[in-house]
Amino acid sequence: MSQIILHHYPLSPYSEKIRLALGLKGVNWSSVEIPVWTPRPKLTPMTGGYRRTPILQVGAEFYCDTLRILKAVESLGGSGTLYPRGQEGLAKAFGWWIEKGSFFNAVCLTIGNMPGLPQELIDERRPLFRVNLDPQELRAKRPLYLQRVNAHLARLAEILADGRKFVLGNDPSAADLSAYHPIWFARQNGGSEVNELIAFADIIDPWYKRVAAIGHGTFAAMTPDQAIDAARVSEPSEPDEWLPEAQTLGLKRGDWVSVTPDDYGNPVYGSLLAWTADEVVIRHEDPSVGKVNLRFPRVGFDTAPAAKAPA
């Protein structure tokens, strides 16, 4: 099997989610640290300009968004499972709810307590998030973000109140990682002031420490150029799974399409290869890496016909 390569940066909460998933599965992986904000000149040729973090690379296959990355990590085998048998749907539904409800609010709450945030980061994220991430502006809205975060933590505390070790029972799963990483970001970066504001510590703290103890597994640093080489010498797969649903949407295999997050983010373009109940795959090509596959989850992304730019 090709090397498992994670493109990420330490501060990224969604990257922490995947680092823990790799640790839970006992996967050996390679770490490519990318810039916190664009431009990302080494990564962009491989991913067509997809800007969210992290991205998982296996040879010439690039898995975008943590929903799709988790599925890829689960398939690698290992000691644990991200989706316990009979609870797969619960783990996925729980993760979608708590991330959508708490992630952005936890980030805004925390950044409001992070003076000295680089202006380049504020300017780069503003058109994506449609929110001004200037700490002064966010700090003035602290009551709004705090009440939203604590409202969702109340539900998490209610689940954990019976003394269970993890969200779905005695063993950790993707549900725990989804609930953990927004809290992790706040605790790592908000200082004691934000930590003291987050409610339900007596219930959530023991669970939080158990999730943190999973760790990141075994990994080694890799340079961006080594990751490019790994993509260039690999042949992408030729997925051909195809549901008739795509035809009803006016799409067929080989069409030039855009794939865009349905909340915030930029479109990525490529030739449509596969359309399944939970995944869309497009082919991207760049002179520096050749042909690669970009894999996205269906949930959270919109696929649409696009006009191909002139060569």
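The values are calculated or read from the model by the stated rules, or taken from the named source; none is laboratory data. Because the structure is predicted, anything quoted here is derived from the model rather than measured. With ideal geometry, Cβ positions are generated from the backbone for all residues, glycine too; neighbour counts draw on all protein chains shown.
For the reader, a short list of remarks on this structure follows.
- Ala154 at pLDDT 95 or above and more than 22 Å from the chain's Cα centre (by Cα): yes
- Within segment 221-248, tally of residues that are free of Cβ contacts under 8 Å to residues at least 24 places away in the same chain and either aliphatic (A, V, I, L, M) or over 14 Å from Gln57 (Cβ atoms) (or both): 4
- Residue count for segment 133-173, restricted to those that are basic (Lys, Arg) and closer than 21 Å to Val211 by Cβ: 3.
- When segment 54-94 is filtered for residues that are aliphatic (A, V, I, L, M), within 19 Å of Pro182 (Cα to Cα) and part of a loop (DSSP other than H, G, I, E, B), only Leu82 remains.
- Counted residues, segment 151-187 - those being closer than 17 Å to Glu99 by Cβ, part of a helix (DSSP H, G or I) and not aliphatic (A, V, I, L, M): 10
- Selection over segment 66-102 of residues that are surrounded by 22 or more Cβ atoms within 10 Å (Cβ to Cβ) and either among the polar types (S, T, N, Q) or closer than 30 Å to Arg232 by Cα (or both) gives a count of 7.
- Whichever residue in segment 257-297 is over 19 Å from Lys71 (Cβ atoms) and exposed (fewer than 15 other Cβ atoms within 10 Å of the Cβ) and, among such residues, is farthest from the chain's Cα centre (by Cα): Pro287
- When Leu56, Leu67 are checked against the criterion of being of a type outside the set (Asp, Glu), touching a Pro at 6+ places or on another chain (Cβ under 8 Å) and over 19 Å from Ile214 (Cα atoms), Leu67 stands alone in meeting it.
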